1. Would you mind counting up the charge near residue 91? Only other residues with Cβ under 12 Å from its Cβ, with Lys and Arg at +1 and Asp and Glu at -1.
2. Which of the aspartates and glutamates could a cross-linker bridge to residue 258, judged by Cα under 13 Å and excluding same-chain residues fewer than eight apart?
3. If the cut-off is 29 Å between C-alpha atoms, which lysines fall inside it for residue 102, apart from same-chain ones fewer than 8 positions away?
4. Sticking with the crude label model, points 7 Å out along Cα→Cβ, report the distance from residue 289 to residue 138 in nm, one decimal please.
5. How much length, in nm to one decimal, is gained on full extension between residue 278 and residue 98, taken as 0.36 nm per residue of separation minus their Cα-Cα distance?
6. Testing the spin-label approximation: label points 7 Å from Cα along Cα→Cβ at residue 77 and residue 64. State their distance in nm.
7. Which of 172, 18, 208 ends up with the largest GNM mean-square fluctuation for the chain, with Cα atoms connected below 10 Å?
8. Can you list residues whose amide H is under 5 Å from residue 33's amide H, if they're 5+ apart or on another chain and H is modeled 1.01 Å from N?
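Taken together, the values in this text are just the output of simple stated rules run on the coordinates, not laboratory data. All of these numbers come straight from a predicted model, not from anything done at the bench. Cβ coordinates were reconstructed from backbone atoms using ideal geometry, including for glycine residues, and neighbour counts include every protein chain displayed.
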Amino acid sequence: MYYPYLRGKQFELLALRDLIVLLSENNTKVSPIIEPVKTSSTLIKTLEALCINNINFNIIINPFHGELINKTDQLLYLLKEEISEFENYQLSILVDNRDNVKKVLDLIALHKSKCKGITLIHNSVMQNVNEVISLCEEQMPVINNVINFENTSANRRYYRSFIPSTRVSLSDYFKSQSKNSNYLSIEESQFTDEHLFYKEEGYKGFGDFLTIGDNYSESGFLPYAVAIHISYADSDNNVFVKHFVSDSNDDASDVGGKFAEANAKLVDWCKSKGLSTIGIKSFYELYESGHFPGLGTIKKYSIMNHIELMLKLI
């Protein structure tokens, strides 16, 4: 099963909503992880769409980023108000220490959620992890133990602490650059082959941070260069990311023109490869119309392409 990790920013949530039919058709293959960064109508509508279409998901109730840090009670109240009649999701806890988890569990008990269970996302190695799991099991079953190997790689045996049927691997495979123009010299990056081996390595599923990466930023700015990141599979089903970058990168003017330059490269290459996911078709349409939809929509289409690709590969 595939566990894409998305921060709850507007265009990441819209990517899920725009793929709702595809996700519903593949609901045995996918279980998105959402770390909400603020309460918004987009967040509520996305959660409702996932629930109504019976798509299992994981909603983090103690986020480490954005406006909802230390607002677990507020998030649990929102879930109770908006999706209390549904059960096709897990309350997810970012694990950093035992006391942190205990406080979150106390709040869960107060709100009496009837969801499927709990997802623990392990961002660090905990010596008393079995005690933490026991605390959770007193309230509801632990469905997923998501192990972020970017932060726990110092102890690769950590995953052995968990029941095999709950193990999910998570890594940031996207090789981000400090400036978009740097991708001009890279052209493409190896992404992952985890989807080929996760089962034989003892995991029920795997996750990634899509074509965004794990870096989180609340601020936006006009870029000198526009870069579009499109994931694809080679003949052996290894996943790579192709980078399409504008050429007129001397200043931050005419972002729409920069997008047109990058998108022309994307369209030429993707058509030569016969690629036609929902996200890529959207780039084709923008090329034909000459429309610039904004940087957020470009990211949305890239995310949509990546999710569709991973669903095809598993």
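1. +3
2. 247, 250
3. The reachable lysines, counting only those whose Cα sits under 29 Å from residue 102, are 9, 38, 71, 80, 112, 114, 116, 204.
4. Inter-label distance under the simple model: 5.5 nm.
5. Contour length minus Cα-Cα distance gives 60.6 nm.
6. 2.7
7. 18
8. 5, 6, 58
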